[in-house]
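Visitor: The structure's right below; bear with me while I get my questions together.
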Amino acid sequence: MRKKIVAGNWKMHLNKKEAINLNEAVSNNIPQNNVEVYQFVPSVYLDMLQERSTIKIGAQNGYPEDAGAFTGEVSMLQIKNIGIQSILIGHSERRHKFGEDEQFLKEKLDAALYHQLEPFFCCGETLQDREQKNHFETVHEQLHASCFHLGAEAMRSVIIAYEPVWAIGTGETATPEQANEMHEFIRSVIAKRYDQTTADAISVIYGGSCKPENASSLFQQQHIDGGLIGGASLKSKDFLEIIQSF
Ligand code: PGA
């Protein structure tokens, strides 16, 4: 079933004390409005926050092999083992700064589902794609290459985050209409590949400079089920306002 979701992506920010404070400030002030709230935190804080948090803590990354000679990596199995339930896959920073390609993202998605981690699969076009009017094709191709091998049941446990690359961390947001149009498109290709029931069951959230000032107009759109929030998730006041704007 489509859920309302507001998820913070802390990226590589905050020291330990700040991480605890931010988690507490949000946990202690969650409005009762049926929104599922997550914080995707740096891996060094996963275990600590998982133990104390009353809101969901997710991992920003995980390696698909269970164990082995992969110096510096943390496996999805290890993440699951400490009680984490959710993971980001395909974030544009992983795609563009760390060279994660569609085949690797497919492997990560399979590993996450195998370990019963709820994947937030991120997709989105670059500015160039949009200027060349290739944005629908790009997003379709990302879904096709990394997700559409899944069976319908597995697909229903994936949350899709549409994050246009040109809007991430830039202050520039897709208009509610632009975002809604893409979310509707994403749902239509899922319906075509699977069926309408599957398309209607999947939450599609928006990310890219989502902030208190624009959250409510985005969340009012028919096909937008919430947000993946970067910069504004680092301030409890802003993040709580975004949650409240549903
Ligand atoms: P932003 O980041 O809200 O700072 O644009 C969103 C994201 O990268 O998930």
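Visitor: Treating only the Cα positions of the stretch 1-139 as identical point scatterers, give the base-10 log of I(q)/I(0) from the Debye formula at each q in 0.13, 0.16 Å⁻¹.
Guide: The computed values of log10 I(q)/I(0) come out as -0.62, -0.91.
Visitor: Count neighbours as other Cβ atoms within 10 Å of each site's Cβ, and list the GluC sites (Glu not before Pro) in the stretch 95-192 that are DSSP loop with at most 14 such neighbours.
Guide: Those satisfying the criteria are 172.
Visitor: Hey, got the dipole for the chain? About the Cα centre, +1 on K and R Cβ, -1 on D and E Cβ, debye to the nearest 20?
Guide: The calculation lands at about 520 debye.
Visitor: While we're here: Leaving out same-chain residues fewer than 8 places away, which aspartates and glutamates sit with a Cα under 17 Å from that of residue 16?
Guide: 24, 47, 51
Visitor: Quick one: 160, 30, 55, 5, fewest Cβ neighbours within 10 Å first, how do they rank?
Guide: Lowest to highest Cβ neighbour count: 30, 55, 5, 160.
Visitor: Taking the dipole about the Cα centre of the stretch 5-244, with the C-beta of Lys and Arg at +1 and of Asp and Glu at -1, give me whichever of 176, 38, 123 is farthest to the positive side.
Guide: Of the candidates, 38 comes out farthest on the positive side.
Visitor: Compute the normalised compactness of the chain: alpha-carbon radius of gyration over 2.2 N^0.38 Å, N being the residue count.
Guide: This ratio for the chain stands at 0.94.
Visitor: Looking at this model, which pairs from 17/56; 108/235; 11/97; 3/211; 56/108; 106/237 are more than 24 angstrom apart at the alpha-carbon?
Guide: 108/235; 106/237, as the Cα separations exceed 24 Å there.
Visitor: So, with +1 on the Cβ of K and R and -1 on the Cβ of D and E, and no other charges, what is the size of the charge dipole of the stretch 2-138 about its Cα centre, to the nearest 20 debye?
Guide: Approximately 500 debye in magnitude.
Visitor: Oh, and also: For 223, 91, what's the fewest-to-most ordering of other Cβ within 10 Å of each Cβ?
Guide: Ranked by crowding around the Cβ, least crowded first: 223, 91.
None of the figures in this text is laboratory data; all of them are computed from the coordinates on show. Nothing here was measured: the structure is a model prediction, and the numbers come from that model. For neighbour counting, all protein chains shown are included, and Cβ atoms are generated from backbone atoms with ideal geometry for every residue, glycine included.
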